[in-house]
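Data first, discussion second: the structure below is written as structure tokens.
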Amino acid sequence: MRLCFRFVLRLLLLLAPFAAAAGEPVRTDLKARVPGAATVTYLDLARQIVPDLARAEGAAWRGDTLDEAVARKLDLDTDWPDGFVIEHVEVIDLASAGPSRFIVLFDFGISNGDPAAPALLALYSAAGSIDTAPRLRDVLNVGFDRDTGFPRDAMQPLDPQSQLIVVSNGHWNSQQAYGDLTLVLAGPGGLRTIDDVMTFSETFCGLRRTQEPRISVRKEGSVPMAAIRVDVLLRDEPVRERCSERTAARRDRTITVTYRWNKVSGRYEPDSKALEKLASENEKRF
């Protein structure tokens, strides 16, 4: 009985970082143990990417050198004079693809506000031994702005072995908000970027003009991979305040683009260029 209790306790400790529902992002301390590994922490995984990470002020860790293999794969420099700074990671359990696969988001610029520092999305599979570090299967640089993280519904299954992972980037100032959602396919072969959804919201005197993206997946007929639907709601909301000049409100409208799996090309392809047009229009207003 005592041996059984110890086994169950150890199992619970190993699975603790994934206590949330499968697919729900979990923010985790770097010193937390990796699920399926008795002695390996997320700090160990981070040091596989930035080997010279050392304790900095508070909860932060800082390093200046990117692993050569990772730098070569991502076409990045190995030496970073401004440094990498990280305090925590965000983790997604890919339970639909088996309990041994998970995603980790390492944002190396969140603490120092450096938008040039990469935020790396890493795909891991658990090793055969609980004393061995999980295997890094693939990595993407998804850090395109100051604030990088997982939005709501960051993981949605596309088929029994593949998932859609959504990463959000953005920043805002007093009158403008810049957003970017990166759609990533996490499959048996690794990670692949599907597309980027760029949005731009701004405030005028007496008017708030917003662009609200929504991502959903749906099965269509006998196609093995679910389709990915992107809806961007363009909304003008009047604000009661005194203005010498008012911007006229426009009618609400929704831009919809559906990405479907092309078996021949082995990629997701959009059914229109409406999102590209929106991005181009937004850039003219920056």
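The values are calculated or read from the model by the stated rules, or taken from the named source; none is laboratory data. Computed from a prediction, not measured in an experiment: that's the story for all the values here. When we count neighbours, we look across all protein chains shown, and the Cβ atoms used for this are built from the backbone with ideal geometry, even at glycine.
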Tally, over the stretch 200-221, of residues that are of a type in the set (Ser, Thr, Tyr) and within 22 Å of Leu105 (Cα to Cα):
1
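Residue by residue, here is whether (1) free of Cβ contacts under 8 Å to residues at least 40 places away in the same chain; (2) assigned by TED's automatic domain parsing to the domain that holds Leu183; (3) at positive phi; (4) not hydrophobic (A, V, I, L, M, F, W, C) holds:
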{"position": "Ala127", "(1), (2), (3), (4)": "no, no, no, no"}
{"position": "Ala133", "(1), (2), (3), (4)": "no, no, no, no"}
{"position": "Arg137", "(1), (2), (3), (4)": "no, no, no, yes"}
{"position": "Leu140", "(1), (2), (3), (4)": "no, no, no, no"}
{"position": "Gln156", "(1), (2), (3), (4)": "no, yes, no, yes"}
{"position": "Asp159", "(1), (2), (3), (4)": "no, yes, no, yes"}
{"position": "Gln163", "(1), (2), (3), (4)": "no, yes, no, yes"}
{"position": "Val167", "(1), (2), (3), (4)": "no, yes, no, no"}
{"position": "Asn173", "(1), (2), (3), (4)": "yes, yes, no, yes"}
Members of the stretch 53-63 found to be more than 12 Å from Leu30 (Cα to Cα) and touching an Asp or Glu at 6+ places or on another chain (Cβ under 6 Å), listed by number
Gly63
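Would you confirm whether or not the stretch 259-274 contains a residue that is of a type in the set (Ser, Thr, Tyr) and crowded, with 16+ Cβ neighbours inside 10 Å? If you could, list the steps in order and put the result at the bottom.
We begin by selecting, within the stretch 259-274, every residue of a type in the set (Ser, Thr, Tyr); these are 259, 265, 268, 272.
Narrowing further to those that are crowded, with 16+ Cβ neighbours inside 10 Å: 259, 268.
Within the stretch 259-274, one or more residues are of a type in the set (Ser, Thr, Tyr) and crowded, with 16+ Cβ neighbours inside 10 Å.
How many of the residues making up the stretch 188-210 are hydroxyl-bearing (Ser, Thr, Tyr) and closer than 30 Å to Ser100 by Cα? If you could, list the steps in order and put the result at the bottom.
Here is the first cut: in the stretch 188-210, the ones hydroxyl-bearing (Ser, Thr, Tyr) are 193, 199, 201, 203, 210.
Now drop any that are not closer than 30 Å to Ser100 by Cα, which leaves 193.
The qualifying residues number 1.
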Checking Arg218, Arg253, Arg235, Arg242 in turn, the sole residue that is more than 20 Å from the chain's Cα centre (by Cα), surrounded by 16 or more Cβ atoms within 10 Å (Cβ to Cβ) and free of Cβ contacts under 8 Å to residues at least 40 places away in the same chain turns out to be Arg235
In the stretch 66-96, anything farther than 19 Å from Tyr124 by Cβ and surrounded by fewer than 17 Cβ atoms within 10 Å (Cβ to Cβ) is listed as Glu68, Arg72, Asp75, Leu76, Asp77, Thr78, Asp79, Pro81, Asp82, Glu87
Just for the stretch 248-286: of the residues that are of a type in the set (Val, Ile, Thr) and not in a loop (DSSP other than H, G, I, E, B), which one is nearest to Ala226 (Cα to Cα)?
Thr258
